[in-house]
Amino acid sequence: MFVGAVAPGSQGSLREANSARIVEAVKAYGRITQVELSSVTGLSAATVSNIVKQLLDQGVVQTRATTRSGRRAQEVSLAASSSLGVGVHIASRSLSVVLADSSMALSGAQRLPLPVEHRSDTTLDRTALLIAELADQVGASMDDIAGVGLAIPTALGAGVRPGLGALTGWIDVDIDQLLAARLQRQVLVVREAEAGAVGETRFGALRGVGVGLFVHVADTVDACLMVGGVPFRGAGSAGALGHVRVEPGGAICRCGGRGCLNTVASAEALAEPLRVSHGPMSLRAIVRAAADGDPGCRQVVADAAAAVGGAVADAATLLAPQRVVIGGDLAATGEVFLAPIREALRSRPVLPRDDGLVVPTEDPQMVARGALALIHDAIGPAAGASSEG
Amino acid sequence: MDRSAPLLSLRSLSKHFGGVRALVDVDLDVHRGEVVALVGDNAAGKSTVARIVAGVYAPDAGTLHLNGECLALTSPAAAFPHGIATVFQEFALAENLDVVDNIFLGRELRTRGLLDRPRMEELARSYLRQLNARIPDLGVPLHQLSAGQRQCVAIARTLVRQPQLVVLDEPTASLSVSQTAEVLSYIEGLRDLGLGVILISHNLNDVRAVADRIAVLRHGRNNGTFDTATASYEDILSAVTGATRHEKHD
């Protein structure tokens, strides 16, 4: 954030690098004294003191007198500029929370693994506690938090109700109201794929892409088309890639349709053929084993990827996106998952033969960051005006 | 991964304390890259298993195999060279010493007879970084750290000996949610490093979040093993309390 017209190697550039290191350290630790800053960054106490003074003048950080080991100390934290927004991503096995002010530079992030079929009451309680603790860690309080963007998986694109199957037992839960009641803050519930697409558009691989497709492959498949930096919703359910029919004679999906992509490429569909040889496996275990080279797990991941690839190729043929970003847990298996998708797209003569067409997401927290961007848009019209798309 | 031979295999483990039967014929397997949770009521024998694996207690009967080799652990010091590291509930940390001293307590690095403090600090930082721990100053005495940070130091301590098996006794007890999140993420990290982990906990939420398998102890006996991917809260709770359908099959 301190990129200026300074010659490399000069004293000025050294100072900028040092000050960037200090800002990074303050971000990482939330509240930290100057003595600790010098120990973390390896800079001398005098340098730290000078740079902190400069950052204080620039309004980047704030300081507070405190004591450590009985001595007086200056505690440094990021300046609580404007209001903080919170992005939350509740998935079937994990909860991610990110925190940032309107500059969108993350000041705090935390991930909590969740149990299988976690209950809505426990998880929402823990979400609320985690938000409060995270705010405290970055030197803010609940009063500084303006709103919460919450991304959840939905199997059906329409409306933002917890999806059929993805979050078991959450179907009739009014998440936004329950969480708003716990936090006394505005809560915006968004579809996981839409949050991920917005995140990629603002911070990731879809920046500056006119027409982009974000495909989220975790327990179920979902997608979101971004047109000119705005999610395309159609009549409401656009992007429900998991409910595209891929096997006309296939199994019945939870939605009631036959042969949906989700019956072929969901966590359950992946675990089923492994049951005899590997025993019951969670999606995370399958992903890890596939990344480690387990042949059986690689096979089911590759099969799922081929099915997803076919659906993505159909969508790409119809919509001609300039870029397709693959996110979600399965993207973590890397080429095992990406290669069959690329192959499926390459087999369509209409589509450009460009390996850069399909890219994996760079940030596993992108969905939470997208939810964060959306809540900032919602709480202040002037806030996140960076959607130049 | 389940097909390979287990890293740790306990068979027919029994332990008596006077008239109290703490463990009766307990079996337990832990594979590499697997987190096995040990749950049960108070006095179900969870900590006794941990202490036997750590070499604190010798079992009255039964065997302990590590990598297929039968071990008779007579003291915690005997367990270290085999790559077994344990973090107990009341972890043995020195409150008045700083973070680096605690991590290397009793295992200080030396170069030519002198303490190699810079090297120890560097390693301590790398362990804590793997933990994603937020401890800025490694020179502060431990009593100034939060409960979660102390837990991180206790777990970081186990990494010094490059263990194969880590036993964690109630690592999330009395931690806040964000500290719990850190500890749970770290347990996932241990598993991803390919280590075997025994996680002892009361909190079924935490256990079901990170464990691959859940072994239930009840009155010192095995009362069922569950795959986390398929077992529900109700299944596990009923095995813990013994109020149920699982009892019928015994």
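Every number in this text was worked out from the coordinates using simple rules, so none of it is lab data. Please read all numbers here as calculations on a predicted model, not as lab measurements. Neighbour counts run over all protein chains shown; Cβ positions are idealised from the backbone, glycine included.
Averaged across A:115-127, how many Cβ atoms of other chains sit within 10 Å of each residue's Cβ atom?
Average per residue, whole number: 3.
Compared with the dominant principal axis of the Cα atoms in chain A, helix A:11-29 is inclined by about 70°. About its Cα centre, the dipole of the protein assembly as shown is roughly 760 debye, where the only charges are +1 on Lys and Arg Cβ and -1 on Asp and Glu Cβ.
Here segment B:7-38 and segment A:268-319 have alpha carbon centers that stand 35 Å from each other.
In segment A:15-150, what percentage of the DSSP-assigned beta bridges are antiparallel, given to the nearest 5? Around 80 percent of the beta bridges assigned by DSSP in segment A:15-150 are antiparallel ones. Under a Cβ-Cβ cut-off of 12 Å, what is the net charge of the residues other than A:Q74 that fall near it, where Lys and Arg count +1 and Asp and Glu count -1? Charge balance near A:Q74 sits at +4. First check a/c for the protein assembly as shown, with a ≥ b ≥ c the square roots of the eigenvalues of its C-alpha gyration tensor; if it is under 1.5, answer rounded, and if not, answer prolate when a/b is larger than b/c or oblate otherwise. Because a/c hits 1.5 or more and a/b fails to exceed b/c, the protein assembly as shown counts as oblate.
Using only the Cα atoms of segment A:210-360, each taken as one equal point scatterer with no solvent, compute I(q) by the Debye sum, divide by I(0), and report log10 of the ratio at q = 0.11, 0.16, 0.18 Å⁻¹. The Cα Debye sum returns log10 ratios of -0.40, -0.84, -1.05.
Helix B:177-192 and the longest principal axis of the C-alpha atoms of chain B enclose an angle of approximately 80°. Between exposed trypsin sites (Lys or Arg not before Pro) in chain B, where DSSP calls loop and at most 12 other Cβ atoms lie within 10 Å, what's the longest gap? Here the longest run is B:113-250. Label-point separation (nm) for B:A61 and A:R68, each offset 7 Å from Cα along Cα-to-Cβ? So the two model labels end up 5.7 nm from each other.
Give me the net charge for the shell around B:A85: Cβ to Cβ below 9 angstrom, other residues only, Lys and Arg +1, Asp and Glu -1.
Values: positive: B:R157, B:R161; negative: none.
Net of charged neighbours comes to +2.
For B:K46, the aspartates and glutamates whose Cα falls under 13 Å of its own Cα, not counting residues fewer than eight places away in the same chain, are B:D27, B:D169, B:E170. Shape of segment B:114-209 from the C-alpha gyration tensor: oblate (a/c of 1.5 or more and a/b not above b/c, with a ≥ b ≥ c the square roots of its eigenvalues). Computed over chain A with a Gaussian network model linking Cα atoms closer than 10 Å, the most mobile of A:V190, A:V350, A:V138 is A:V350. Cβ-to-Cβ counts within 10 Å put B:I103, A:I252 in ascending order as A:I252, B:I103, the fewest first.
Cβ-to-Cβ counts within 10 Å put B:I200, A:I175, A:I341 in ascending order as A:I175, B:I200, A:I341, the fewest first. Between A:V227 and A:E247, the FRET efficiency estimated from the beta carbon spacing at R0 = 25 angstrom works out to 0.25.
Label-to-label distance for A:K53 and A:R353 is 6.4 nm, based on points extended 7 Å past Cα in the beta-carbon direction. Peptide B:227-236 is shielded by partner chain Cβ atoms: per residue, an average of 4 of them sit within 10 Å of its Cβ.
With respect to chain A, whose longest principal axis is taken over its alpha-carbon atoms, helix A:295-319 is tilted by about 90°. For A:K53, go through the aspartates and glutamates and keep the ones whose alpha-carbon is under 14 Å away, minus same-chain ones fewer than eight residues off. Result set, ordered by chain and number: A:E16, A:E75. Restriction of the trypsin sites (Lys or Arg not before Pro) in segment A:196-237 to DSSP coil positions whose beta-carbon has at most 15 other beta-carbons within 10 angstrom yields A:R207, A:R233.
The residues A:C255, B:C70, when put in order of fewest to most other Cβ atoms within 10 Å, stand as B:C70, A:C255. Going by the alpha-carbon gyration tensor, a ≥ b ≥ c the square roots of its eigenvalues, is segment A:11-78 rounded (a/c under 1.5) or, if a/c is not under 1.5, prolate (a/b greater than b/c) versus oblate? Prolate. The mean count of C-beta atoms from other chains within 10 Å of the C-beta of residues in B:61-69, rounded to a whole number, is 0.
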